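Below: one structure, written as structure tokens.
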Amino acid sequence: MVEAALRERGSLDEGADCASPRPLPAPSLRPVFIMGSARAGTTVLYQTLARTGCFNYVSAYHLIRHDEVIDHHLRGTTAQAKRELQRLFQDLGIAEARFDGVNVDPDFPEEYGFHLGRLRFQLTRKSFPKFLDLCRQVELVSGNDKPILLKNPWDYRRFLFVKEMLPECKFIFIHREPVDVASSILRGMRLLLEEKNAYHALVARFYERMMGSRWQRYLVSRVFQSALGAKIVARQFAATARYFVENVGELSPADYVSLRYEDFCARPRAVVAGVLDFLGLEERVPVDYESVVRKPRASIEDSASQATRQELRRFDLAPYAARCGYEGWSKLAAE
């Protein structure tokens, strides 16, 4: 797709044989993946690292206007296109906030998984060319050779496959207390189903289709309002935690760094400095950490936390809790 757009604008060298245009070189990605469960702090970490100026990254603009990005870049109309997208946000009543209260604009760092498929948002052998096309597009319009920072919680439970496909990649693992993660996922699902979220509908077409179907929305809502919803969330979290514990040892220590959401919120500057040092980078743009990283709220006690805590006790999370420093989990599970 990138080559086609450039060829149409006359930006690829073509000889007499027009059937054999000179292809673009493969993207020099140097990919860095943020790996963690949904609601584990991946978004705020992604935002914060993107603000250091050390990385290229996939933005809301790249996803929502994917087919137009190259053309706008070549015409010099990218800023105008972003302003138009911001006006669309305002017209839709997005008011600069997602369902979880995080402010958004066209440059908001987003998950590449939304670009990979309609129902399966993971990196696979089949979706890999589409993934590379997106990365190539981001690198081209960014005009530099910075590492590309990527995030997609759907691939957390597949990081060995990601490493197989991209041997040069690095990982930043982020963890959060199990009940806080699971209950936050359940609350988020309930909010998304309670009322259509205009921003989420723009980046996730499957969500827009589901919310447009009365019966699909009703059935899914019933699931996540019931005890079954807590069971599903707990089971998925437990499987993800087990995968991390069982497979992280397959990675070289030089290929990953692991941190906790709680520590990141308490000492964002120091944690970011440690991540950048691991990657051999230095902060290029001063970051106002106080405006980006909010202090974590105390754990919320509601129906979501009670239901997910009960379900999580059915799984052996002790190895994960011990590895990540959540010593209180064993005591909680025994209660």
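Each value in this text was obtained by applying a stated rule to the coordinates, not by laboratory testing. Since the model is a prediction, treat every value here as computed from it, not as a measurement. Using ideal geometry, Cβ is built from the backbone for each residue, glycine included, and neighbour counts are taken over all protein chains shown.
Beta-bridge orientation, the stretch 26-328: approximately 10 percent antiparallel, per DSSP, counting only bridges with both partners inside. Pairs of Lys residues in the stretch 26-328, spaced 8 or more positions apart or belonging to different chains, with C-alpha separations under 25 angstrom: 18 in total. Note on the stretch 63-82 and the stretch 161-205: Cα centroid distance 27 Å, given to the nearest whole angstrom. Over the stretch 83-230, the pair-distance histogram of Cα-Cα distances with 10 Å bins from zero comes to 9, 31, 38, 20, 2 percent, rounded to whole numbers. Label-to-label distance for Gln225 and Asp316 is 3.8 nm, based on points extended 7 Å past Cα in the beta-carbon direction. Between the beta carbons of Glu250 and Arg125, assuming R0 = 25 Å, the FRET efficiency works out to 0.80 to the nearest 0.05.
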